[in-house]
1. Filter the stretch A:27-39 for residues that are under 19 Å from A:Lys68 (Cβ atoms) and touching a Lys or Arg at 6+ places or on another chain (Cβ under 6 Å); which is surrounded by the most Cβ atoms within 10 Å (Cβ to Cβ)?
2. Considering (1) open to solvent by less than 20 Å² (accessible area, probe 1.4 Å); (2) under 22 Å from A:Pro127 (Cα atoms), say which one A:Val268 fails and leave the rest.
3. Inspect all residues belonging to the stretch A:40-53 and state whether any of them is within 15 Å of A:Leu105 (Cβ to Cβ), within 14 Å of another protein chain (Cβ to nearest Cβ) and open to solvent by less than 40 Å² (accessible area, probe 1.4 Å).
4. Where the second residue is open to solvent by 10 Å² or more (accessible area, probe 1.4 Å) and among the hydroxyl-bearing types (Ser, Thr, Tyr) and the first is within 14 Å of chain B (Cβ to nearest Cβ) and lies in the stretch A:123-135, which pairs have Cβ atoms under 6 Å and are six or more apart or on separate chains?
5. Residue under question is B:Gly326, and the condition is that it be touching a Lys or Arg at 6+ places or on another chain (Cβ under 9 Å) and assigned by TED's automatic domain parsing to the domain that holds B:Val93; does it hold?
6. Does the stretch B:147-191 hold any residues that are within 13 Å of another protein chain (Cβ to nearest Cβ) and surrounded by fewer than 19 Cβ atoms within 10 Å (Cβ to Cβ), and which are they?
7. Can you find, within the stretch A:294-311, the residue that is surrounded by the most Cβ atoms within 10 Å (Cβ to Cβ) among those that are in contact (Cβ under 8 Å) with a residue 24 or more places away in the chain and assigned to a loop (DSSP other than H, G, I, E, B)?
8. Could we say that A:Tyr50 is of a type outside the set (A, V, I, L, M) and out of contact with any strand residue (DSSP E or B) (no Cβ under 8 Å at 6 or more places or on another chain) here?
Protein chains: 2
Amino acid sequence: MNIPHIDLPRIVVIGCGFAGLKFVKSINSKKYQIVLFDKNNYHTFQPLMYQVASAGLEPDSIVYPIRKVFNRKKNFHFRMAQVHQIDGEQNIVYTSIGSLSFDYLVMATGADSNFFGMKNIEKYSMPMKSLVEALNLRSVILQNFEKAIHTSDLNEREALMSFVIVGGGATGVELAGALAELKKYILPKDYPDLDIRRMQIHIVQGGDRLLPAMSQKSSDNSESFLRKMGVNVWLNVRAKDYDGHALYTNDETYYAKTLIWTAGVKGVPTKGLKADFTSSNRILVDEFNRVKGYENIFSIGDVAACPSEEEPYGLPMLASVAVQQGVKLGKNFNLLAKEKEMKAFVYKDKGTMATIGRNLAVVDMKSFQFGGWIAWLMWMFIHLMLLVDFRSRLVVFVNWAWSYLCYDKGTRLIVRKVSDKTEKKI
Amino acid sequence: MNIPHIDLPRIVVIGCGFAGLKFVKSINSKKYQIVLFDKNNYHTFQPLMYQVASAGLEPDSIVYPIRKVFNRKKNFHFRMAQVHQIDGEQNIVYTSIGSLSFDYLVMATGADSNFFGMKNIEKYSMPMKSLVEALNLRSVILQNFEKAIHTSDLNEREALMSFVIVGGGATGVELAGALAELKKYILPKDYPDLDIRRMQIHIVQGGDRLLPAMSQKSSDNSESFLRKMGVNVWLNVRAKDYDGHALYTNDETYYAKTLIWTAGVKGVPTKGLKADFTSSNRILVDEFNRVKGYENIFSIGDVAACPSEEEPYGLPMLASVAVQQGVKLGKNFNLLAKEKEMKAFVYKDKGTMATIGRNLAVVDMKSFQFGGWIAWLMWMFIHLMLLVDFRSRLVVFVNWAWSYLCYDKGTRLIVRKVSDKTEKKI
């Protein structure tokens, strides 16, 4: 691999999600050579991905070219490649474009959908863990409506117009809200030949409340917001099987051609690491995010877990955790370069929020919780500010303002042909 | 097909390019039932497609959902489908979603790349006649730079970084200029590991000047603009063969992994029409755009040609011709509904323009020609105004202002994997 050999320790970073991005941003690259691998040439702002899937935003608003983020960083090399395997004894990574030695390794490979072994659900459902999956989902939603027009079988038509979201976490709730807005404001105008009242949106949650990571008040608020918007909320219902048409559960059966799976995630560590893993395949790390059993291998973000008494499964897989871990580890490497000691990572919970629809969001702060219009404004402001650069903020703001004022969404293009269930998994 | 039967003549329109779109917009649908077929669910603003290919704009800025354009039109039905064949005796169209009878048919199927029988060029080159092709081209350009980093073969690296554009019409010239801007402002920052000076941009033109449809002055201007920007302009050079690596011509050989073909177009009429065709496969129509040999079948836009003494091959395949024909035919149908006579189509040439780069464009008006900064401002203003709606104008304006002020382009994402030459033709 064409990486220059220089007289600095080489840190190989795998993955440019929030954790990897913030790590590289924080580290002083006069002290280290940094080589970053990602299979994509862009960083994805995952919290807004559901808006790409529901035709509210275009990909360019929420993803950012990695080369551009770091084009002034010294001793930094990005390589668009898949890392196949690591050898933690010889300190080598094996990638799709060759192998490379390292002094330090930072694994920030993130998480992927967890289907808990349910093969049919994995085969026939639409996950939404990557930009490409979000774009596929959007194409499928729109294509199903095109198909619904020219079928004369009423059951088939309703199934084409219906959506089951499995999983009542933030992604599921936000997507359900976005689909309800499509149903209310957009689809009746776009499809005058269809009776949009027949469109069904179900959200199926295994536990007894939506947004289980948030307060009871926010769970109640989000449920009542969704019900008001016409979403069918099903609690204590666990998915069992799906054949592309019907979802079988411990309770009722739900008919829908599209099943969106947001009910589970698992870590995706690179092969070859001789570490311990949690039940959801996350790498066990210590308080410095060092992988247990190694001196020079670290892991941050969703793929890493440091179980404690308060958090027996490790911290939740959240962007804010990944961001803080990335920054902390970068700073720790800077301390190391000055021959100082690393500091332990402590998560600062600044609150959580979820948006359900127009003027409707829920916010949990340490001491109080609230929902409604103010929460929604706050959600929008914070998410705008979190976007990587001014240009994205401007484009997203224009899109949101447009949607709000005109009760319209910008884009509903079918640019990918996803014609068959078996093709969905790209 | 689920199209209601009502007591109005049914007009079937095939294709929603400029001609089809303007036709449907102009016709009074209280007098006719309109059924529009297109294989995509969007209309494409083709004049800006090269900016999608060169990573300047995202697709949503230049395409527009068809259902949204017409969501207030009465007696109008859009169907996303491919029309396979027509039967002009029985008055039936056969489509991918079933057959449909018509009273009138309007064929606005447009044009596609013409490779003049050169099979290898067709196989290995990248055309740019559709949005998907433009997105594929963008991914290939960026992927080739990623590949160039990790090859150690210098010839291979230069070939990956080099581009041959065959065809010196507006599309070729505009794309060459956009690539030259990428080379000057963007790629050196994004790829510090590559020596961008090795990137070669060739434009190969069979005739003795660029922009042959414009004035000699504009040809000369565009050539000198391109040369100043570092583009290699080759006149009187005709492509013969391409093997994915080298372009063979009547003159020199040019090495490049990417060949962009903008050198020829041909009409793509639907099968089954018993009409006469020009040498470039356009349907011969009379001055009312009626297909010769039929009473109730019309054709407009690029696919139609009405050769005259001044225009022995028919009018040029331009957006402005298609727009004017669409509007005229719509109005003619409105006259017909009032039992008045149709009026002959006469093309009003309002001038032509092409942009080459930052502050550089050429404009031909009837009585005078000019190039440079004023021409560039005029080009931008007119293209902004031609976009379908206010939202697109705003988004394109933000992108252009950003690029101009920051010497940057918004988006350079690889969202499609086009890994092999044989996969390019999707």
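1. Per the criteria, the residue is A:Phe37.
2. Here A:Val268 meets the rest and fails (1).
3. So far as the stretch A:40-53 goes, no, none of its residues is within 15 Å of A:Leu105 (Cβ to Cβ), within 14 Å of another protein chain (Cβ to nearest Cβ) and open to solvent by less than 40 Å² (accessible area, probe 1.4 Å).
4. Qualifying pairs under 6 Å: A:Leu131/A:Thr44.
5. Details: touching a Lys or Arg at 6+ places or on another chain (Cβ under 9 Å): yes; assigned by TED's automatic domain parsing to the domain that holds B:Val93: yes.
Against the criterion (touching a Lys or Arg at 6+ places or on another chain (Cβ under 9 Å) and assigned by TED's automatic domain parsing to the domain that holds B:Val93), B:Gly326 qualifies.
6. Within the stretch B:147-191, B:Lys147, B:His150, B:Thr151, B:Ser152, B:Asp153, B:Leu154, B:Glu156, B:Tyr185, B:Pro188, B:Lys189 qualify.
7. Going through the qualifying residues, I end up with A:Ile300.
8. Taking the combined requirement at face value, the residue satisfies it.
The values are calculated or read from the model by the stated rules, or taken from the named source; none is laboratory data. None of the values given here were measured: they were computed from a predicted structure. Cβ sites come from the backbone with ideal geometry, for glycine too, and all protein chains shown count toward neighbours. These area figures cover heavy atoms from the full protein model, side chains too; ligands, DNA and RNA do not enter into them. Shrake-Rupley method; radii C 1.70, N 1.55, O 1.52, S 1.80 Å.
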